[in-house]
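Below is one structure, written out as C-alpha cells, with a few remarks after it.
The values are calculated or read from the model by the stated rules, or taken from the named source; none is laboratory data. Remember, predicted model here, so these are calculated numbers, not experimental data. When we count neighbours, we look across all protein chains shown, and the Cβ atoms used for this are built from the backbone with ideal geometry, even at glycine.
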C-alpha cells in the first residue's frame, strides 16, 4: 500500500471550549485510533490539504491554491509555532505536475500556516517535524471562490504526482464539515476589518488574543442558541461523508457555492480539502473507507468528523 488517507475536522476551540467530558473522551479515542492507523501505515511523506483563516493568506494576494515548499506555523490558539519539515523537492515536483495537468497553483517558499494545517498534524503525530510534509493551501473562506470541482481536479493531479514519488504518501484533508463560525467576510467588513483582511499579517500577541477570545465567546453564544450563526446540519454532513466514501464526487463538487453555504454555512467550503484529499487517493484506483466517525459538536462550532481510507 503506497497511499492512505486521513481526513478530519479541525477546531481551534478544542481545549478552550470543550463539550462535556464524555464527548471529549469519545473524540480523543477516535483521534487516537486515527493516529494508530497512520503509525501502521508509516508514511514517508504527508500531503496536507488545508485552508487558512486570514493568517497566512490575505487579500493582498489570495490564490485559489498554493503549494508550500517551505512553511512556518504562526501558532494561533496555543498551537506549536515554528518551521515545519517541508520536503522542498517533493513540493516542487507536485507543483510542476499539477501545473502540467492544467490546474493553476501558486508556489510559496515562505508559507505561513495556522491551525487549519497544524492541528491535524498534532492529532496524528508526536511533533510537527516527525514526517516530512507538503502543505497545499486551498482557499475556502475568501470570496470570490471558484467552483468546488476545481478542488477535485487539484487533488487528482496531486495524486498522480504523488504516485511518481515512489514513497508511502499519506493524504490529509483538514476542515469542515458544516459550520459557520464568525470568520469575517470582506463584503460585510468595516474599513478596519477590511484593512486587517488585506494587510493584517503577523498581528501582535495582544491582537491575536482579542480575536481568539472573541471566537470562544461566540461559541458560547452559539451553544446557547444565538440566531446569529447558522446551525450545524448533520443531514448534510452525512451526505458529504457518504458521497466521499462512495467516490461520488459529483454529488458535492458540482453543486453551486451558494448550496454549500445554505446547507452547511460559510465555512462548509472547507469540505474542498476533503474533496481534494479523496480525489488524490482516487487517482491511484478504487478505495475503501476503513473508519468513519461523526458527531455534531456545537461547543466546537463543528459538525466534527474523522475518516481513514486505503486503496481497495
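Tabulated data
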item: Where a residue in region 1-30 is more than 22 Å from residue 222 (Cα to Cα) and its partner, wherever it lies, is in a loop (DSSP other than H, G, I, E, B), with Cβ under 7 Å and at least six apart; result: 2/168; 3/284
item: All helices (runs of 4 or more DSSP H) inside region 163-271 with 3 or more residues being under 30 Å from residue 286 (Cβ atoms), in contact (Cβ under 8 Å) with a residue 60 or more places away in the chain and touching a strand residue (DSSP E or B) at 6+ places or on another chain (Cβ under 7 Å); result: 234-245
item: Filtered residues of region 282-312 (kept if in a helix (DSSP H, G or I) and under 16 Å from the mean Cα position of the chain (by Cα)); result: 300
item: Residue in region 81-103 that is within 26 Å of residue 292 (Cα to Cα), in contact with a strand residue (DSSP E or B) (Cβ under 9 Å, 6 or more places away or on another chain) and not in a helix (DSSP H, G or I) present; result: no
item: Strands (runs of 3 or more DSSP E) within region 1-74 that include 1 or more residues over 21 Å from residue 241 (Cα atoms) and out of contact with any strand residue (DSSP E or B) (no Cβ under 9 Å at 6 or more places or on another chain); result: none
item: Near pairs, Cβ below 6 angstrom, 6+ apart or cross-chain, from region 74-86 (within 24 Å of residue 169 (Cβ to Cβ)) to any residue that is modelled with pLDDT under 95 and buried (at least 21 other Cβ atoms within 10 Å of the Cβ); result: 80/128; 84/128
item: Any chance residue 144 is at pLDDT 95 or above and part of a loop (DSSP other than H, G, I, E, B); result: yes
item: Residues within region 92-106 that are in contact with a helix residue (DSSP H, G or I) (Cβ under 9 Å, 6 or more places away or on another chain) and either buried (at least 23 other Cβ atoms within 10 Å of the Cβ) or within 17 Å of residue 45 (Cβ to Cβ) (or both), tallied; result: 6
